[in-house]
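Bear in mind these aren't lab numbers, they're just calculated from the coordinates by the rules spelled out. The model shown is predicted, which means the values in this text are computed figures rather than measured ones. Cβ coordinates were reconstructed from backbone atoms using ideal geometry, including for glycine residues, and neighbour counts include every protein chain displayed.
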Amino acid sequence: MRAKEQLMVQCNMSEPSAHRFLQKRSMDSGKRLCEIAILVLDTLNRTV
């Protein structure tokens with residue numbers, strides 16, 4: 001999963017932490033995990 005890898009590299013997260021971050025955002029927002037992954041990628045790519 002690219003979003004998880006980006007979180008691990010750019011935010012210095014472990015793999016379990018990055019996965020949990022994506023899952024929690026998905027649950028909290030009521031959006032699908034793939035939608036959250038796209039939002040995360042867009043956000044991280046803008047800050048590079």
What list of ³J(HN,Hα) values in whole Hz, one per residue of segment 26-37 in order, does the Karplus curve 6.51 cos²θ - 1.76 cosθ + 1.60 (θ = phi - 60°) give from phi, with Gly and Pro shown as x? 5, 5, 5, 8, x, 9, 5, 4, 5, 5, 5, 4
Can you list the HN-Hα couplings for segment 5-20, worked out from phi with the Karplus curve (6.51, -1.76, 1.60; θ = phi - 60°), rounded to whole Hz and with x for Gly and Pro? 5, 4, 4, 5, 7, 7, 10, 6, 9, 6, 4, x, 5, 5, 5, 5
For Leu39, what charge total do you get from the other residues with a beta carbon under 15 Å from its beta carbon, if Lys and Arg give +1 and Asp and Glu give -1? +4
Near the amide H of Met13, under 5 Å away, which other amide H atoms are found, from residues 5 or more places off or on another chain, if H is placed in the peptide plane? Met8
Dipole size in debye (nearest 20) for segment 2-46 around its Cα centre, Lys and Arg Cβ +1, Asp and Glu Cβ -1? 80
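Per DSSP helix of 4 or more residues, -39500 (n - 2.57); summed, then divided by the residues of the chain. What does that give at 222 nm, rounded to the nearest 500? Before the final figure, lay out the partial values.
Values: 3 runs with 38 residues, N = 48.
The helix contribution divided over the chain gives -25000 deg cm²/dmol.
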From the coordinates shown, P(r) over Cα pairs in 10 Å bins from 0, in percent corresponds to which of (1) 21, 51, 27, 1; (2) 30, 58, 12; (3) 17, 50, 31, 2: (2)
For the chain, what does the relative contact order come out to in percent, with C-alpha contacts under 8 Å and a separation of six or more? 40
